[in-house]
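Undergrad: One structure follows; several queries about it will come next.
Nothing in this text is a laboratory measurement; each read-out follows from the coordinates by a stated rule. Everything quoted here is computed from the prediction, not taken from an experiment. Ideal geometry is used to build each Cβ from the backbone, glycine not excepted, and the neighbour counts take in all protein chains shown.
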Amino acid sequence: MVQSYLRHGPTQAFGIVCSSSANSLYDGKCAYVPALEDILVWDVKKGQMLAMWHETGHRAEVTVVLRSPQQDTFAVGYADGSICLWSASTNSVLTTFNGHKKAVTALAFDDRGTRLASGSQDTDLIVWDVVGEAGLFRLRGHRDQITALRFLTVPNDNSPSTSTAPASGLLLSAAKDTFLKLWDLSTQHCLQTVVAHRAEIWTIDIHPQQNLLFTGSSEGELKAWKFDQEAFAGGLKETETGEIAKMIHPLATLPLSSNHRVSQVTFHPTSPYLAVQSHDRSVEIFRIRTEEEVQKKKARRRKRAKEKKKEKGIEEDDEDMEGDDIQLVDLFTPHLVVRASGKVRSFAFGPDDTGSKGSLQLFVALTSNALEVYTIPPPLKSKEAPPEATRLYSVDLPGHRTDVRSLCLSSDDRLLASASNGSLKIWNVKTTACLRTIPCGYAICSTFLPGDRQVAVGTKTGEILIFDLASSSLIETIQAHTSTVWSLHVRADDQTLVSGSADKDVKFWEFESQKTASGETNLRHLTLVHIRTLKMSDEVLAVKYSPNGKLLAVSLLDSTVKVFYQDTLKFFLSLYGHKLPVLSMDISHDSKLIVTCSADKNVKIWGLDFGDCHKSIFAHDESVMQVAFEQDSHYFWTVGKDKLLKYWDGDKFENIQKLDGHHSEIWALAVSNRGDFVVTGSHDKSIRVWEKLDEPLFLEEEREREIEKIYESGVADAFNQENTGKDASDEAGQTIEATGVSKQTTETLMAGERIIEALDLADSERAIFQEYEDAMSRLPPGAMRLAPPPRNPVLAAYELEPEAWVLRVVERIQSTALQDALLVLPFGKVVSLMSYLNIWAQRDWNITLVSRVLFFLLKTHHHQIVANRIMRTSLLPLRKHLRNALQHQKGIMGYNMAALQHIRRRNESDRVAQFFEEELDEGTVRAKIAEVIVATCLCGIQIQGIVDQQLQTLGPHRSSNLILGLSNLKDATWKSYQSAGCEAGRT
């Protein structure tokens, strides 16, 4: 019988406030911050997490976050090149865009929120249609990672809403290749390329009035550029010298207080402030002065200079007193510097209404897993005390500032202790709430003491710190060793603690109850009493008691493990075979097996009876950091620097399960005493709990699933490489600047396969029934009729016709994946799908989808369709039916628009009263009345025309009830408008 195991699955990650992988947003109350693969919504004032945006199965890390002008929508870019649009009200994904091959690094919405531009590490720039949920085009031209994008609105763009021309507008992009590019979105070409800096461009921002542009480089240079609005309106034109007119002109360089990399530049949307981050721990705030303020200040300077010259008796020089031009430095004056408590990852301004008395709020996300909000005071008139930013809120308790280096569980598995450099935190395992935060030194190892009331922590300085959980205080500091304490372990009988250190000593400690000031014994507070020391030949990295309490295993820096009898400390075994030091080890519950993990990436399983190596396993791609047996079994867990957690069978030497979730190396591991979950801590500052599920796991199925996953990803990569090679250059070998947007993923391949299967099923069903109808037509009159063939079980179960089944399959494919799924179809299936499109258009089924699929197929397979004469017979009726259907849709939309306009006018007339300040003569009043009557009658005639058009569109298929209803509607509309005109005349 095949052995089965129980699968383990991830639960919610905790211990993370915000990750440093992406920027953060702030709206005055809530902060939207990245948390590895999730987005967290924090109430900054209360320090509470309001929501977690988590998509099941999505493992890629968040790289950029942006809020849409439609406030409920957020665009989130990920490290795998995907972009998700999230709804803040429902905490769910609205749609997903896949087009980039590497991490998304920049996002920008246009002013309406209908278009989204994305830039990536693959140097491509893609413009997406948010409403249509499709990629519009891909722009190529940059040679390195795109770091910033901004839409520009073109003045005098008065194209009507019904225009069929492509959406106009300009897009500004900056990249690490030092180039600043301006793109025309209507022609999909680059208008201007500017070599902006000598080093990489890291950030850009545009003034709200769209007349100034600031760019920041990695050399600490902040440059200002001016837009030529006339050139924007006129387009590409030649100057008198024959050169093309430039739209971006250099203005000046703004001096900063430091020469570090300019990571972020942001204008306040409404107030005259500019924030620049050019230092790890500070944000520099500039106040933007008006020209009037600058002129007043210069006038005061001239007046003071004039008075000084008079006092000294110097004659005035008219040239000196002339007013010089206003420089950029005069407009942007340093206001204050906000100094954060840690390294700043990103910042954001709060809205105006959040501050009091003219002050503003600045939100700062730190790389140390913390959030802070500072108040920026308005400029002071007095020069005595310069303005200073004050910290208003801080969110830092729910996470560690540094890596989680040690984890340990209480005996009842209810409490979890996590230790890092600077803090010890106690967590409730069930609710993942942080119960205690206690400052400590650089923690290396930790363990709960008997009774679960205290935690002992070994530090890098050689101390053992004992913390009391009830009072959240350090109750004792023991200078146990002269160097780093690498390991602590309590014997199974809860009588002795052993510690191993880099000072080559293994020390044994007994637990003793502390005495109070009055001399009474306090059973709740334990202290350590040193009883003996075991001297080793090399540094000690790990110590472990066997569960039966007879043996003690000691790992040394010389890559060996020495086993001693714990009572006499006599040498028993030496386990050697690792090429690098053993970092961790554990002994099974029956004291028969010992498993060791090493920096040589191997795990070795030894027998404790003779010290023989049962098996050596290449376990991880990097150093294996910790290993632990599961309770009452020979199954064990390992974690490594390759970010993976692995589950092993120690008897069969098989890898049971591989769990990925962390985004950095895993330092710590703790297995529950009941064996129903395991906890891991990582360099990414997150703590994850992996629970045992009721779902059985079979090793062969798991291996097949892994192989399938590798194969599918390989097929998708092959498709993408092939498409990239075709799209990247034209026939002449030159790089194409604008191409289509496509990227094959496992989901799109599977969607294409589903369409092919549906077409095969429907074609075979239609062929069978066509044969049956032909056979019935050949029968002579009066002959016995043939029995109809049985229907396909799938179609019979859903009670659908073959045409409806294909439409159902196509409709169920996500809008963003539809085009990539259609690319999978071979041309034979495209011809088959065309016939179904004709049937759908004829029956008026989902005309929007039919049009979209048809136009994409015609664009993609244009050459083959033109060369194939057979397609003409199917395209001609399709054109006829689709035109009729679209005309019908157009009539419905026109009718609805006219009705909505009528309702709006009626509402305005009911709610708005007009008052005229000047006295109107009789002629003016009569002209206004005539204008109202004409407008009213014209609207009635327009609706009558639409109704007549609807009657003609229906043709012979119209019913008498429908004709009667539309005629009544026409008469009622005309009467209502007549009465409205008369009423206006009487008024």
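Undergrad: Among the listed pairs Lys425/Lys685; Lys343/Lys641; Lys507/Lys570, which have their C-alpha atoms separated by more than 23 angstrom in this model? Working shown, then result.
TA: Numbers: Lys425/Lys685 12 Å; Lys343/Lys641 25 Å; Lys507/Lys570 15 Å.
Long pairs (Cα-Cα over 23 Å): Lys343/Lys641.
Undergrad: Okay, next question. Given points 7 Å out from each Cα along the Cα-Cβ axis, report the Ser168 to Glu230 separation in nanometres with one decimal.
TA: Going from the Ser168 label point to the Glu230 one covers 1.9 nm.
Undergrad: When a footprinting reagent is the concern and you count Cβ atoms within 10 Å, what order do Ile594, Ile756 take, fewest first?
TA: Lowest to highest Cβ neighbour count: Ile756, Ile594.
Undergrad: Can you flag which of Lys176/Lys743; Lys709/Lys859; Lys562/Lys652; Lys181/Lys298; Lys176/Lys601 are past 27 Å Cα-Cα?
TA: Lys709/Lys859; Lys181/Lys298; Lys176/Lys601
Undergrad: Shifting gears a bit: For Met834, Met750, what ranking results if the residue with the fewest other Cβ atoms within 10 Å of its Cβ goes first? Could the numbers behind the result be given before it?
TA: Numbers: Met834 19, Met750 14.
Going from least to most buried by this count: Met750, Met834.
Undergrad: Further question on the same structure: Starting from the exponent 0.38 and prefactor 2.2 Å, build the expected Rg for the stretch 759-866 from its residue count and divide its actual Cα Rg by it.
TA: Numbers: Rg = 16.7 Å, N = 108, 2.2 N^0.38 = 13.0 Å.
Output field value: 1.28.
Undergrad: Computed FRET efficiency, Cβ-Cβ of Leu858 and Asn896, R0 51 Å: what is it to the nearest 0.05? Kindly include the intermediate steps, with their values, before the conclusion.
TA: Details: r = 29 Å, r/R0 = 0.57.
Once rounded, the FRET efficiency stands at 0.95.
Undergrad: Sort Asp774, Asp468 by Cβ crowding within 10 Å, fewest neighbours at the top. Show your work: numbers first, answer last.
TA: Values: Asp774 9, Asp468 18.
Final ranking by Cβ density, sparse to dense: Asp774, Asp468.
Undergrad: As a test of the formula, what do you get for the chain when each DSSP H run with n ≥ 4 contributes -39,500 (n - 2.57) and the sum is divided by the residue count, at 222 nm and rounded to the nearest 500 deg cm²/dmol? Can you show the working numbers first?
TA: On the way: 15 runs with 259 residues, N = 987.
Calculated mean residue ellipticity at 222 nm is -9000 deg cm²/dmol.
Undergrad: Now, a different point. Name the helices (complete DSSP H segments) of the chain with a Cα length along the long axis of 18 Å or more and a Kyte-Doolittle mean of at least -1.0, or state none. Don't jump to the answer; show the numbers that get you there.
TA: Details: long enough: 291-312 (32 Å, -3.01); 699-728 (43 Å, -1.36); 746-778 (48 Å, -0.38); 827-842 (23 Å, 0.74); 847-860 (19 Å, 1.65); 870-911 (62 Å, -0.85); 922-954 (49 Å, 0.65); 960-986 (39 Å, -0.35).
Going by DSSP H runs, the hits are 746-778, 827-842, 847-860, 870-911, 922-954, 960-986.
Undergrad: While we're on this one: Check cross-link reach from Lys310 to the aspartates and glutamates: straight Cα distance under 20 Å, and skip same-chain residues fewer than eight apart.
TA: Asp318, Glu319, Asp320, Glu322
Undergrad: Further question on the same structure: Taking 0.36 nm per residue of separation and subtracting the Cα-Cα distance, what length does fully extending Asp676 through Arg532 add? Before the final figure, lay out the partial values.
TA: Numbers: separation 144, 0.36 × 144 = 51.84 nm, distance 3.67 nm.
Gain on stretching Asp676 to Arg532: 48.2 nm.
Undergrad: In the stretch 188-215, which residues have a backbone nitrogen under 19 Å from the label point lying 7 Å from Leu328's Cα in the Cα-to-Cβ direction?
TA: Output list for this probe position: 193-215.
Undergrad: Along Cα→Cβ, 7 Å out, is where each label goes; now give me the distance between the ones at Leu580 and Lys592 in nm to one decimal.
TA: Distance between the two pseudo-spin positions: 3.2 nm.
Undergrad: So what is the relative contact order of the stretch 402-535, in percent, for Cα pairs below 8 Å that sit 6 or more residues apart? Numbers along the way, then the final one.
TA: Details: 338 pairs, mean separation 18.7, N = 134.
Result for the stretch 402-535 is 14 percent.
Undergrad: Continuing with this model, one more query. Take the Cβ-Cβ distance between Ala470 and Ser664 as r, set R0 to 41 Å, and report the resulting FRET efficiency rounded to the nearest 0.05. Intermediate results must be reported in sequence, preceding the final value.
TA: On the way: r = 34 Å, r/R0 = 0.82.
Once rounded, the FRET efficiency stands at 0.75.
Undergrad: Hey, another quick one. Calculate the spin-label point distance for Asp352 paired with Leu380, positioning each point 7 Å from the Cα along the beta-carbon direction, and give it in nanometres.
TA: Calculated label separation equals 2.5 nm.
Undergrad: Further, regarding this structure: So what is Rg over Rh here for the chain, counting just Cα atoms and using Kirkwood for Rh? Could the numbers behind the result be given before it?
TA: Working: Rg = 37.1 Å, Rh = 34.9 Å.
Using only Cα positions, Rg/Rh for the chain is 1.06.
Undergrad: List the relative contact order of the stretch 444-493 as a percent without decimals, with contacts defined as Cα pairs under 8 Å and 6+ residues apart. Walk me through the intermediate numbers first.
TA: On the way: 104 pairs, mean separation 18.2, N = 50.
Once divided by the residue count of the stretch 444-493, the mean separation gives 36 percent.
Undergrad: I've got another one for you. Report Rg/Rh for the stretch 550-697, rounded to two decimals, where Rg is the Cα radius of gyration and Rh the Kirkwood radius. Before the final figure, lay out each step's value.
TA: Numbers: Rg = 15.0 Å, Rh = 15.6 Å.
Rg/Rh: 0.97.
Undergrad: Using a Förster distance of 35 angstrom, determine the FRET efficiency expected from the C-beta separation of Lys310 and Ala252, and round it to 0.05. Can you show the working numbers first?
TA: Working: r = 34 Å, r/R0 = 0.98.
The calculated FRET efficiency here is 0.55.
Undergrad: So for the chain, averaging the separation of alpha carbon pairs under 8 Å that are six or more residues apart and normalising by length, what relative contact order in percent results?
TA: Numbers: 2074 pairs, mean separation 70.0, N = 987.
That works out to 7 percent.
Undergrad: Against the empirical 2.2 N^0.38 Å scaling, what ratio does the C-alpha Rg of the stretch 402-535 come to?
TA: Details: Rg = 14.3 Å, N = 134, 2.2 N^0.38 = 14.1 Å.
Compared with the compact-globule rule of thumb, the stretch 402-535 sits at 1.01.
Undergrad: Multiplying the sequence separation of Glu512 and Glu931 by 0.36 nm and subtracting their Cα-Cα distance, what value in nm do you get? Present the calculation step by step, with values, prior to reporting the outcome.
TA: Working: separation 419, 0.36 × 419 = 150.84 nm, distance 10.00 nm.
Stretched out fully, the Glu512 to Glu931 stretch lengthens by 140.8 nm.
Undergrad: Determine the gain in length on full extension of the stretch Thr290-Ser874; use 0.36 nm per residue of separation and subtract their C-alpha separation, reporting nm with one decimal. Spell out each step's value before the answer.
TA: Values: separation 584, 0.36 × 584 = 210.24 nm, distance 6.72 nm.
Separation in residues times 0.36 nm, less the Cα-Cα distance, equals 203.5 nm.
Undergrad: Please list, or write none, the aspartates and glutamates whose alpha carbon is within less than 19 Å of the alpha carbon of Lys430, excluding same-chain residues fewer than 8 places away.
TA: Counting by Cα, and skipping residues close in sequence, Lys430 has these aspartates and glutamates nearby: Asp412, Asp413, Asp452, Asp676, Glu691, Asp694.
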